[in-house]
Amino acid sequence: MLVWGGQHVTLHDPADGKVLWSFGDDFNPESKPNWPSVASVVVADDITVVPFGRSDRGQPRLHGIKLGSNSDPAIKGARLWERKDTGTFVPTPALYKGRVYIVRDRGEVECIDPATGKSFWSDAFPKASSSFYSSPVVAKGKLYAAREDGVVFVANVNEKFELLSENNMGERLIASPVPVANRLFIRGEQHLFCIAGGN
């Protein structure tokens, strides 16, 4: 079980909670105040991508950490890369076919190589006064992202970013969309929506 919080990434035995490995090396070396851990990490093979900082305040951070084990000194884990030009404060990144997809709090979208931290491409959803609080999901090459004002965006992200549609659900959206069996479930402030896809 992987846990991110308190400026540490830790691996635990789910049977008893024992810490198997921990990494907490300088996630906030300048001791900036009010940097809570909101977005969760995403794991690609043996690399965990850690969003931190305050992207909503122009202070983003994004880290690539190689997972390790305290029981084996040869694989203690290490920081592979760090970026200070991109990241996300609230939405958790999505993983699809070995690539990490970030939707930043104001709608910027980025596709990142988890091994190097380099961007394959970057783009953005249409600007609005509302922010993104839900986390994006990717299913069948399409990224679904819900904005707080009730608009759900769909974009093709197979090789590049291509905005396909904007869908106004008519109520506030905070929860993340969930794809299940060719359906997309969206929980709004007052309703649970089930969107059926084609074959």
inquiry  = Which of the numbered conditions does residue 96 fail, given that it passes all the others? Conditions: (1) of a type in the set (Ser, Thr, Tyr); (2) modelled with pLDDT of 95 or more; (3) over 26 Å from residue 154 (Cα atoms).
reply    = (3)
task = Taking the residues in the stretch 1-25 that are free of Cβ contacts under 8 Å to residues at least 24 places away in the same chain and open to solvent by 70 Å² or more (accessible area, probe 1.4 Å) as candidates, determine which candidate is nearest to residue 38 (Cα to Cα).
result = 8
query = Conditions: (1) under 28 Å from residue 66 (Cβ atoms); (2) of a type outside the set (Val, Ile, Thr); (3) out of contact with any Ser or Thr (no Cβ under 8 Å at 6 or more places or on another chain); (4) not in a loop (DSSP other than H, G, I, E, B). Residue 123 meets all but one. Number of the miss?
reply = (1)
key: Filtered residues of the stretch 26-53 (kept if more than 14 Å from the chain's Cα centre (by Cα) and open to solvent by 40 Å² or more (accessible area, probe 1.4 Å))   = 26, 29, 30, 31, 32, 33, 34, 36, 45, 46
query = Taking the stretch 74-113, which residues are buried (at least 19 other Cβ atoms within 10 Å of the Cβ), without any contact (Cβ under 8 Å) to a residue 60 or more places away in the chain, not in a loop (DSSP other than H, G, I, E, B) and not charged (D, E, K, R)?
reply = 94, 100, 101, 102, 103, 109, 111
request  = Those residues that are out of contact with any Phe, Trp or Tyr (no Cβ under 6 Å at 6 or more places or on another chain) and surrounded by 14 or more Cβ atoms within 10 Å (Cβ to Cβ), I need them from the stretch 120-135; list them, please.
outcome  = 120, 122, 124, 130, 131, 132, 133, 134, 135
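Considering each residue of the stretch 10-53, count those that are outside any loop (DSSP other than H, G, I, E, B) and under 23 Å from residue 110 (Cα atoms), and give that number. Walk me through how you get there before you give the answer.
Of all residues in the stretch 10-53, those outside any loop (DSSP other than H, G, I, E, B) come to 10-12, 19-23, 42-44, 47-53.
Now narrow it down to the ones that are under 23 Å from residue 110 (Cα atoms): 42-44, 47-53.
Total meeting the criteria: 10.
The values are calculated or read from the model by the stated rules, or taken from the named source; none is laboratory data. Owing to the predicted nature of the structure, the values given are computational and were not obtained by experimental measurement. No Cβ is skipped: glycine too gets one built from the backbone with ideal geometry, and neighbour counts run over all protein chains shown. What goes into the accessible areas is simple: the full protein's heavy atoms, side chains included, and nothing from ligands, DNA or RNA. Shrake-Rupley method; radii C 1.70, N 1.55, O 1.52, S 1.80 Å.
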